[in-house]
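Input: a single structure, listed below in structure tokens.
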Amino acid sequence: MNQIRYDIDLFVELNEHYSRSSAAVEHASAIKRKDRNPLEDTTKRIAQVDKYLHFKKGMRVLEIGCGRGHLSSLLKQDYGCEVVGVDIRTYPEWEEFQSEGLDLRIHDISAMSNDGLGTFDRIVSLAVWEHMEHPYAGLTAVNDLLKPAGQGVAYISANLYRGPKASHRYREVFFPWPHLLFEDDVFEEFYRRQGRNNVRAAWVNKLTVAHYEMYLRQLDFEVVRQWTTGTPIDEEFYQRFIDKLGRYPRYDLEQDFLHMVIASKRPLQSRPHGRLSSSYLRWRLRTLGDLVRGVRR
């Protein structure tokens, strides 16, 4: 059997073949429509999330990874929520959207103190968690920031590393799992030929569905609902490159996104103003212990 060379020639061959598929053409057209009208796309996304979070006027909402601020802005404008949007960088649109009841700011919930944020009725994070270097710490922060005893509910969607689209380069790379098959230098050469330097597959943490489920148990979240969305395996493609793809469970290779609707089980009196209660301290110590055990694993 000939050894497969995962080089730029194979990359280009696969991309040219898949770029002619009907699915690739349809996907490219959908991306162009979203790029033309981001507000329309955001309205649809909020409506989908609202099926599970039931936004109401006056609710305090945190959006983690707010990006340009469109979703946070519509939550305030269309639903009457008081919204805080956080991201790790600023965007030009923030100046336009900032107003009373809408606060867009630089903040990394997984790496900074969150004491100044308060607590929230709802937390939303769409396609951000996969980019967190400390996703467990981020979920710990969500537990802190949600109102306790099931009063607060969060909706988190996360792109999964082993899924076919996790490279985040689907605007130009049309075949599945390019990040599992090719090294960064091949990506860089592909984009260099297009006049773009230092472009590779996006950095995505390697959490699977099983990792998230373990973390939610360790942090004692109430899982209101959990589901995945994905892409069926192209069997011919899979068999051709089974030397690399066969390292992963087939289930993981089919999963693009994990969606979680979760609530905190923290008691109502676990975090009083002023001096910390003994029950809250015990809860924090248990969380830290779980974090240490999770790292060791």
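Things worth noting here:
- Extension gain from residue 133 to residue 247, taking 0.36 nm per residue of separation minus the Cα-Cα distance: 38.7 nm
- Percent carbon-and-sulfur accessible area, region 101-176, ignoring ligands, DNA and RNA, probe 1.4 Å: 46 percent
- Heavy-atom accessible surface of region 178-265: percent carbon and sulfur, 1.4 Å: 46 percent
- Segment residue 268-residue 189, length gained on full extension (0.36 nm per residue, minus Cα span): 22.9 nm
- Pairs from 51/147; 44/165; 51/265; 44/265 whose Cα-Cα separation, in the structure shown, is over 28 Å: 44/265
- Förster radius 22 Å - calculated FRET efficiency between residue 21 and residue 240, Cβ distance, rounded to 0.05: 0.90
- Neighbourhood net charge (12 Å Cβ-Cβ; Lys/Arg +1, Asp/Glu -1) for residue 240: -4
- Electrostatic tally near residue 86: other residues with Cβ closer than 12 Å to its Cβ, Lys and Arg +1, Asp and Glu -1, net -2.
- Trypsin sites (Lys or Arg not before Pro) within region 62-170, DSSP loop, no more than 11 other Cβ atoms inside 10 Å: 89
- Taken along the Cα-to-beta-carbon direction at a fixed 7 Å, the label points for residue 95 and residue 78 span 2.7 nm.
- Gyration tensor verdict on region 119-223 (Cα atoms; rounded if a/c is under 1.5, prolate if a/b is larger than b/c, oblate otherwise): prolate
- Stretched out straight at 0.36 nm per residue, the stretch from residue 13 to residue 40 would grow longer than its current Cα-Cα span by 6.2 nm.
- Charge sum, other residues only, whose C-beta stays under 13 Å from residue 98's C-beta, Lys/Arg counted +1 and Asp/Glu -1: -2
- Taking a ≥ b ≥ c as the square roots of the Cα gyration tensor eigenvalues, region 164-278 comes out prolate, since a/c reaches at least 1.5 and a/b is larger than b/c.
- Tensor-based shape of region 191-246 (alpha-carbon gyration tensor, a/c under 1.5 rounded, otherwise prolate or oblate): oblate
- Mean-position separation - Cα centroids, region 42-60 and region 89-158, in angstrom: 15 Å
The values are calculated or read from the model by the stated rules, or taken from the named source; none is laboratory data. No experiment lies behind these values; they were computed from the predicted model shown. Because the Cβ atoms are built from the backbone with ideal geometry, glycine has one as well, and the counts that use them run over all protein chains shown. Ligands, DNA and RNA are stripped out before the accessible areas are found, and what is left, the full protein with its side chains, is counted by its heavy atoms. Shrake-Rupley method; radii C 1.70, N 1.55, O 1.52, S 1.80 Å.
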